[in-house]
Amino acid sequence: MSQLKKVAIYARVSTHDQKTLNMQIERCSEYAQSRGWEVVQTIQEVGPGAKQRPQRAELIKLCRKRQVDIVIVWKIDRWGRSVPDVVTSLQELQELGIQFVSITEALDFTTATGRAMSGLLAVFAEFEREMIRERVKAGVHQARLNGKRLGRPPSAKDQSAEIKKLWSKYKNVSLISTQLGISRRSVSRIVK
């Protein structure tokens with residue numbers, strides 16, 4: 001006899017859309033019941049999608065502790081703020097061995113088709129990371145070609161020759177500090 005699967009239901013609404021919270025929970029509960037799973041946690045989150053989701057973070061902590069086997073949501077956009085957020089969080093769940101079900105999209109990682117879809121999501125996540133990495137490298141290369149100095153700004157010690165040259169001309173620590181963008185104390189240390 002197989003062990004009863006423990007399910008956590010995650011339902012979220014924005015402050016403008018309060019009416020669907022109970023409906024999401026009911027549909028997810030019905031789905032779990034139809035599969036013979038036990039709902040051990042129902043998490044409700046209210047707030048706009050752009051902000052952090054503290055309740056979802058708590059749910060992921062439960063998953064890390066292996067207190068649930070499956071996470072059910074009514075719709076995938078209730079789970080994540082953006083495509084990268086959804087893909088990353090689903091990948092973490094998969095690595096933890098936690099199944100994920102979005103009942104509206106019929107995305108069910110407890111089935112062979114759902115697991116195949118999960119693999120495709122991982123491929124797209126890796127592709128997106130590579131594209132971001134390439135764009136960053138291209139941007140850095142272009143900035144260097146345009147003469148932009150990248151990395152940590154030069155320290156006062158690296159500019160000591162320039163500081164001494166300006167000191168002989170102006171004899172003004174504040175002026176040199178402002179002109180070179182370094183602290184007055186650093187200028188004072190070098191000229192003394």
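Could you point to the residue in G181, L150, I25 farthest towards the positive end of the chain's charge dipole, with +1 and -1 charges on the Cβ of Lys/Arg and Asp/Glu respectively? The residue sitting farthest along the positive end of the dipole is G181.
Highest mean packing first, where packing is the average number of other Cβ atoms within 10 Å per residue, the peptides 171-180, 70-79 line up as 70-79, 171-180. Is there a quick way to get the dipole size of the chain? I mean about its Cα centre, with the Cβ of Lys and Arg at +1 and of Asp and Glu at -1; what is the value in debye to the nearest 20? The calculated dipole for the chain is roughly 2000 debye. The phi torsions of region 4-14, fed into the Karplus equation with coefficients 6.51, -1.76 and 1.60 and a -60° offset, translate into couplings of 5, 6, 8, 10, 10, 9, 10, 10, 9, 9, 7 Hz, rounded to whole numbers, with Gly and Pro shown as x.
Between T20 and M131, take the C-beta separation as r, use R0 = 45 Å, and let me know the FRET efficiency to the nearest 0.05.
Plugging the Cβ-Cβ distance into 1/(1 + (r/R0)^6) gives 0.85.
Our note on the geometry: Cα centres of region 58-103 and region 144-192, 52 Å apart.
Straight Cα distances below 27 angstrom link K192 to the lysines K157, K164, K165, K169, K171, with same-chain residues fewer than 8 positions distant left out.
The DSSP beta bridges internal to the chain are antiparallel in roughly 10% of cases. Using C-alpha pairs under 8 Å with a sequence gap of at least 6, the mean separation divided by the residue count of the chain gives a relative contact order of 16 percent.
Computed over the Cα atoms of region 149-192, what is the convex hull's projected area averaged over all directions, in nm²? Don't jump to the answer; show the numbers that get you there.
On the way: hull surface 11.7 nm².
One quarter of the hull surface, i.e. the mean projection, equals 2.9 nm².
Pairs with C-alpha atoms separated by more than 29 Å, drawn from the list K5/K75; K5/K61; K65/K137, are K65/K137. Charging the Cβ of each Asp and Glu at -1 and of each Lys and Arg at +1, and nothing else, the dipole of region 1-112 about its Cα centre rounds to 280 debye. Using the Cα coordinates of region 108-192, the gyration tensor eigenvalues translate into equivalent-ellipsoid semi-axes of 55, 14, 8 Å, sorted from longest to shortest.
A short reminder: the numbers here are calculations on the coordinates, not readings from a lab. Every value quoted in this text rests on a predicted model; they were computed, and no experiment measured them. With ideal geometry, Cβ positions are generated from the backbone for all residues, glycine too; neighbour counts draw on all protein chains shown.
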